[in-house]
Amino acid sequence: MTKNRRLALFGASGGTGVHLIPLLLERGFGVRAMVRDRASIPLRHERLELVQGDLMDPAATAGAIAGTDGVISLAGPRRLGPTRIYSEGGRNVVRGMEAAGVRRGVFVTALGTSREFRMPPVLGFLARNVVGWFLRHGWRDGARFEEELARTDLEWTVIRPPALNHRPPRGLYRRSIAEHLWWPFRLSRADLAHAVLDQLDDPATVRRWVEVAW
C-alpha cells in the first residue's frame, strides 16, 4: 500500500494509537480515526481526520471506512470481564470493508488467542492456565473473530502481541509469520506501532497471523 492513501483507524486513542498516528502521518498516509471523544486525540494535522463514533455501531463504523484505502484496528478490551470488542466490533469493521470495497486490513488481537506458547513447560503452563484465566474473555473473543476473519476473502493480517508496556521504543522486535515465537513475553506499545506499520506493506503477511515481541 503506497503512501498518500487514506487509512481508517480504530482504537486510535489507546496507548498504541498515540504512537501509530504520527508514524502514519510521517509516512505520508491520510488517517481517518474514529474515536468516541475527539478530545482524546489532541494532535491536529491536515491529513488527520477525527470522526466521532463507536465501533459497536455498524453504521458509524461503515461510515468511517467508506472512501478509505485500508483499515487498521487496534481496538481491544480494556477490562477483564466478558467482551465483544473483537467479535462484534471486528465484524462491524469487516462488513464495513466489504461494503466499501476495501481489501486491506491489519488487526491487532493478542498472543493468547492461540493459547500456544513456545517457552519452558512450567512458564507455558502458567501463561495458559493462570494468566490465561484472567484474560480468558478477551482471548476467546479474539479467537472467535480470527476464525470469522479467516473465512472472508479480505487481504487481512492479524498481529498477536504479548503483554504491552509503555517503555520507550527499542526500534526492533522479533517477528514470526504463522509460527510461534520462543519466549514471547513483552513489547512496548511504541514498538507495536512500528510493527503494525511494517506489516501493512508486507505481502508476506497477507492472510497470515503474525507474532511480535522483544
Give the residue, chosen from G76, G89, that is touching a helix residue (DSSP H, G or I) at 6+ places or on another chain (Cβ under 8 Å), part of a loop (DSSP other than H, G, I, E, B) and crowded, with 19+ Cβ neighbours inside 10 Å.
G76
Give just the number: which of (1) farther than 22 Å from N4 by Cα; (2) at pLDDT 95 or above does V51 not satisfy?
(1)
Cβ-Cβ below 6 Å, separation at least six or inter-chain, first residue in the stretch 44-65 and under 10 Å from L9 (Cα atoms), second modelled with pLDDT under 95: which pairs?
L50/R38
Positions within the stretch 18-43 being buried (at least 20 other Cβ atoms within 10 Å of the Cβ) and touching a residue at least 60 places away in the same chain (Cβ under 8 Å), in sequence order
H19, L20, L24
Which one is farthest from the chain's Cα centre (by Cα), of the residues in the stretch 57-88 that are basic (K, R) and under 18 Å from R144 (Cβ atoms)?
R79
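The values are calculated or read from the model by the stated rules, or taken from the named source; none is laboratory data. Remember, predicted model here, so these are calculated numbers, not experimental data. Note: ideal-geometry Cβ built from the backbone for every residue, glycine included; neighbour counts use all protein chains shown.
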